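Step one of this worksheet: look at the structure below.
The values are calculated or read from the model by the stated rules, or taken from the named source; none is laboratory data. No experiment lies behind these values; they were computed from the predicted model shown. Backbone-built Cβ (ideal geometry, glycine too); neighbour counts: all protein chains shown. Quick note on the areas: whole protein, heavy atoms, side chains included, nothing else; ligands and nucleic acids left out. Shrake-Rupley method; radii C 1.70, N 1.55, O 1.52, S 1.80 Å.
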Amino acid sequence: MTVAATATVLCAPVVSSAPTDTYAVTATIPVTGTAEGIAISPDGARAYVTHGDEGAGQLSVIDTTTKSVVSTIPVGDFPVGVSVSPDGGTVYAGSNGDDTVSVINTATNNVAAVIPVGDGPLGVTVTPDGAKVLVASQFDGHLTIIDTVTNTLALGGTTMFLAVSPDGRTAYVTDSSSNSIATVDIATAALTGRIPTLASPLAVDITDDGRTLYVTETNGFTAGQVSIIDATSHTVTATIPVAEAAGGIDIAPDGHTAYIAHSTPTNAVTVLDTATRTVTATVPITENGQLIAVTPNSADAYVTSQYDTVSVVSNTSTHTEPPTTTPPIPPATGSLGTIFGS
């Protein structure tokens, strides 16, 4: 069963097309069975996608240069959330159908361990130092923190996806049933508060400076929107109407753009300009888009579809950048969003 929100649009999104920015689907990569989660390796060379029909979960490895599958690894039942360790050596894939996380060695593409977690894992995220793996479970409202000792924190509600602050101290976990985001102290595995949202939150990402959260939401079954939340004051500072059925969200590492995947009936990727907080492009994709991950160079967004594909949405503009001595912004931690269960 797919838990997906479909709705009419609250109001038409403001479209402000930048003449130098264009976006298009540059590749469509087939995989076997329902594609759900997506994560990119830190060097950008590989994309990892969870997919498979019920009872036949798989993790496929995509070469981002050739845009082709180079390996497929059996994992648990109905895998969704997936995340890569900061050193690129390990992939963690949560299986919504059998309540486990598979630990994959990327050098051998073999499952090194299987770890039991809460009921119906969705979001999976590794802390920036690689020391802990956080798993949000949909059906029992638990956040599992995997370390040398595994802690399980009962948050209640319907926990969906999560993001971790760049300093590795705080987890932000969406609760779609209570219209809130739970804040968790990772070191102590303690719930420290809740951030009220204007509607039911699904996926969340955080900017690299740790100051701002971007959250996809649905207002009942009537609208799609992205809320922008100040991570210090825990207040909503802006709400951007987007098309219905908004799901996974990822902020590009350069910080200029956020990408939102939409399932049926929208079947598109929305591109947001983070400076102007406006929709700059809408790119049609294969039906029932789910989760999304942007490459470290911010050039491509990989989007999963339950119609057995991964679409690559690329910025096809040609830019001439002036010389600069400013260091580049490091890659975002991201959320994996990430959807929506079996």
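Flag set for residue 276, criterion: among the hydroxyl-bearing types (Ser, Thr, Tyr), over 26 Å from residue 80 (Cα atoms), in a loop (DSSP other than H, G, I, E, B) and open to solvent by 40 Å² or more (accessible area, probe 1.4 Å).
Filtering segment 196-206 to residues that are in contact with a Leu (Cβ under 9 Å, 6 or more places away or on another chain) and either within 15 Å of residue 156 (Cβ to Cβ) or not hydrophobic (A, V, I, L, M, F, W, C) (or both) leaves only 205.
Condition test on residue 53, is it at pLDDT below 95, open to solvent by 40 Å² or more (accessible area, probe 1.4 Å) and among the acidic types (Asp, Glu)? Here the answer is yes, as residue 53 does meet what is asked.
Answer yes if at least one residue in segment 252-261 is in a strand (DSSP E or B), modelled with pLDDT of 95 or more and in contact with a His (Cβ under 7 Å, 6 or more places away or on another chain), and no otherwise. Taking every residue of segment 252-261 in turn, none turns out to be in a strand (DSSP E or B), modelled with pLDDT of 95 or more and in contact with a His (Cβ under 7 Å, 6 or more places away or on another chain). Residues in segment 317-337 that are open to solvent by less than 70 Å² (accessible area, probe 1.4 Å) and at pLDDT 50 or above: 1 in all. Of all residues in segment 246-284, those being aliphatic (A, V, I, L, M) and within 15 Å of residue 316 (Cβ to Cβ) number 5. Only one entry in 195, 145, 228 is closer than 21 Å to residue 261 by Cα, part of a strand (DSSP E or B) and at pLDDT 95 or above, namely 228.
When you scan segment 92-111, how many residues do you find that are open to solvent by less than 30 Å² (accessible area, probe 1.4 Å) and either in a strand (DSSP E or B) or aromatic (Phe, Trp, Tyr) (or both)? Final tally of qualifying residues: 8.
Out of 266, 216, report the one residue that is open to solvent by less than 50 Å² (accessible area, probe 1.4 Å), under 22 Å from residue 80 (Cα atoms) and in a strand (DSSP E or B). Result of the check over 266, 216: 216.
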